[in-house]
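The values are calculated or read from the model by the stated rules, or taken from the named source; none is laboratory data. Since this is a predicted model, take the numbers as computed values, not measurements. FYI the Cβ positions are ideal-geometry reconstructions off the backbone, even for glycines, and counts take in every protein chain you see.
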Amino acid sequence: MNFYADKQTQEDLNLLGRYKNNSIAQLFDEAITAGGKKLMDKMFQQPLSDPIAINQRSDTFRYFSELLLSFPFTAVEFAVMEDYLASDGGGNLLQMASGVIYKKILQGIANDSDFELLQSEVLKTIELLNRFYAFVSLLPKSNLAYRDQLERIEKIYAHPSLQWLRGKPEILVFSVSKIIRFDYLFRYVLREQMNELIELIFDLDVCIAVARIGIKKNFCYARAFGKEKNTMKVKRLFHPVLEHAIGNDSCLDQDHNVLFLTGANMAGKSTLMKSFGIGIYLAHMGFPVAADHMEFSVKDGLYTSINVPDNLDMGYSHFYAEVLRVKKVAEEVAASKNLVVIFDELFKGTNVKDAYDATLSITEAFSENRNCLFVISTHIVEVGEDLRGRCDHFKFAYLPTVMEGVVPRYTYKLTEGISQDRQGMIIIKNEGILDLIQS
């Protein structure tokens, strides 16, 4: 079973979509091959929930980050080999030989290019197979992280029918008989081995791409633990897409499973919560995380409520959409799932009194599920004061606003406690809105 994040969560955190502006998937979209890109998409769609598998994958990425390698093929030349090996060879040796001879005859009598194309594909495949073997032969084998893949590659190249390949010099042209022999070998005799090798090349492509992003962005590799530990510790966590993002530390566990955030608008609460959610998601993928250090207990899933839209087609107001979202999360929590839950400004679609009562009761009720971790924010600081008097397993923090005269400045640094900032009217006056209306 994989780690789960529903569509709302994916949208809130802008996780998926290689072509989506500023998405996390776009950030890591540096795979060279089409198959590598598809594998990367699959990893994003299916995060892991097994700590052993997570740590093994992150160790593999770390292994490549220490080697500083570049992928040995261009997208164009690899596509030639990939398309050739994936094409139908036509069955047994007699059928394949007949097809090659037919193409050779057409080349002579009709100036047909099919034989020339087949010859170039066979030659390119031999060249790339040699290049790939030379590349992986230089990879250190002492590290356990990538040893299994290296052994599988070695086994393929050790096949008796491929002994001639190693170190073969570059050849510009083959006779018809050799074209038949090699075409039959690659697309029929060794079809299963070639398919496995292609998949291993896709995997290598992803490993190099992810490691390169981790280095370029100065990300860390998180360490996963079993569910029973129920902890999440992170140092200098920041948003991976923002330039010059400010990092913050956080620590949640069984005894303190709720981070309750307050602070003014624009102080950075939503960005902090998105950073937290993205970090959790990437950590469950085994990908590098935007932080200096992170360790966490694996969870069953992640649910956020940050940008909940109304639904005019269904007749749902913004408030009712929020209620349904909270109900959905409550059902998942009630099913004894180990979750990370992020609520940004609960019930902002209703009046202050209802929002106060609902935020207080819902937050307190959720927090009793000690197998889950919660990050909850609100503008209603009085809720925080009440919860601080009633709950000893909360961590209260805020993002300060520093007033420089009548101009607010935001530090984006978490501070312990509950915010007392009240700058809303100052910002309104600074923008001259009242003067515009009165004039």
Query raised in the report: In this structure, does Glu77 turn out to be at pLDDT 75 or above and over 21 Å from Arg212 (Cβ atoms)?
Result: no
Report summary line: Pairs returned, first residue in the range 134-146 that is farther than 15 Å from Leu69 by Cα, second residue that is acidic (Asp, Glu), beta-carbon separation under 7 angstrom, 6 or more apart or interchain, are Ala145/Asp59
Query raised in the report: Do we find a residue being closer than 23 Å to Phe296 by Cα, in contact (Cβ under 8 Å) with a residue 12 or more places away in the chain and surrounded by fewer than 18 Cβ atoms within 10 Å (Cβ to Cβ) anywhere in the range 338-353?
Result: no
Query raised in the report: Are any residues in the range 12-31 among the aliphatic types (A, V, I, L, M) and assigned to a helix (DSSP H, G or I), and if so, which ones?
Result: Leu13, Ile24, Ala25, Leu27
Query raised in the report: So which strands (runs of 3 or more DSSP E) stay within the range 176-284 end to end and still have 3 or more residues that are free of Cβ contacts under 8 Å to residues at least 60 places away in the same chain?
Result: 232-237
Report summary line: Taking the range 42-74 and keeping only residues that are over 18 Å from the mean Cα position of the chain (by Cα) and of a type in the set (D, E, K, R), one is left with Glu66
Query raised in the report: Residues in the range 363-378: is at least one within 27 Å of His318 (Cβ to Cβ) and at pLDDT below 85?
Result: no
Report task. For the range 86-97, indicate whether the set of residues that are charged (D, E, K, R), closer than 27 Å to Val189 by Cα and either at pLDDT below 90 or in a helix (DSSP H, G or I) (or both) is non-empty. Result -> yes
Query raised in the report: In the range 204-228, how many residues are over 15 Å from the mean Cα position of the chain (by Cα) and of a type outside the set (A, V, I, L, M, F, W, C)?
Result: 7
Query raised in the report: If you check every pair at least six apart or on different chains, which have Cβ atoms under 9 Å apart with a residue in the range 62-76 that is without any contact (Cβ under 8 Å) to a residue 40 or more places away in the chain first and a residue that is surrounded by 12 or more Cβ atoms within 10 Å (Cβ to Cβ) and in a helix (DSSP H, G or I) second?
Result: Glu66/Ala211
Query raised in the report: Would you say Glu364 is crowded, with 17+ Cβ neighbours inside 10 Å and charged (D, E, K, R)?
Result: no
Report task. Tell me which residues, restricted to the range 340-393, are in contact with a His (Cβ under 9 Å, 6 or more places away or on another chain), in a helix (DSSP H, G or I) and closer than 29 Å to Ala283 by Cβ. Result -> Ser367
Query raised in the report: Would you say Ala145 is modelled with pLDDT of 90 or more and in contact with a Ser or Thr (Cβ under 6 Å, 6 or more places away or on another chain)?
Result: no
Requested in this report: Tell me, please, whether a residue that is among the small types (Gly, Ala, Ser), farther than 19 Å from Glu77 by Cα and either at pLDDT 85 or above or assigned by TED's automatic domain parsing to the domain that holds Val76 (or both) can be found in the range 120-142.
Outcome: yes
Requested in this report: Examine the range 68-78 for a residue that is under 30 Å from Glu228 (Cα atoms) and not in a loop (DSSP other than H, G, I, E, B), and state whether such a residue exists.
Outcome: no
